[in-house]
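Quick notes on the structure that follows.
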Amino acid sequence: MRYKEKRYVVTMDVYVYAENDYMARKRAHKMADSLDKYGRNPSITEIGEQPFASLDYRKLEDISKPVKNEKLPF
């Protein structure tokens with residue numbers, strides 16, 4: 001542990017472009033996993049669909065990490 005350094009919490013919002021909800025979940029978790037290799041322990045707290053230039057927002061109920069055997073939505 002680094003005793004001279006302080007730990008900070010950083011909350012980030014990023015846009016993920018995907019064909020459907022499943023791919024959005026997959027790409028979001030892939031991004032979080034890429035940060036995890038540095039011991040940062042990222043967590044996804046919400047995923048939602050928001051069309052470009054729109055105020056509409058649809059929150060996904062299932063934001064869990066997709067598993068390989070999960071039935072695809074198509």
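The values are calculated or read from the model by the stated rules, or taken from the named source; none is laboratory data. None of the values given here were measured: they were computed from a predicted structure. Reconstructed Cβ throughout: ideal geometry from the backbone, glycine too, with neighbour counts over all protein chains shown.
Some observations on this one:
- Residue pairs meeting the criteria (Cβ under 8 Å; at least 6 apart or on separate chains; first within 17 Å of residue 66 (Cβ to Cβ), in region 29-46; second acidic (Asp, Glu)): 42/36
One line per residue, one yes/no per condition, for (1) part of a loop (DSSP other than H, G, I, E, B); (2) among the basic types (Lys, Arg); (3) at pLDDT 90 or above; (4) on the phi > 0 side of the Ramachandran plot:
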residue: 18; (1), (2), (3), (4): yes, no, yes, no
residue: 25; (1), (2), (3), (4): no, yes, yes, no
residue: 30; (1), (2), (3), (4): no, yes, yes, no
residue: 40; (1), (2), (3), (4): yes, yes, no, no
residue: 67; (1), (2), (3), (4): yes, no, no, no
residue: 71; (1), (2), (3), (4): yes, yes, no, no
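- Entry remark, region 42-59: residues being modelled with pLDDT of 90 or more and surrounded by 10 or more Cβ atoms within 10 Å (Cβ to Cβ) number 6 in total.
- One residue alone among 37, 26 is among the basic types (Lys, Arg) and within 13 Å of the chain's Cα centre (by Cα), and that residue is 26.
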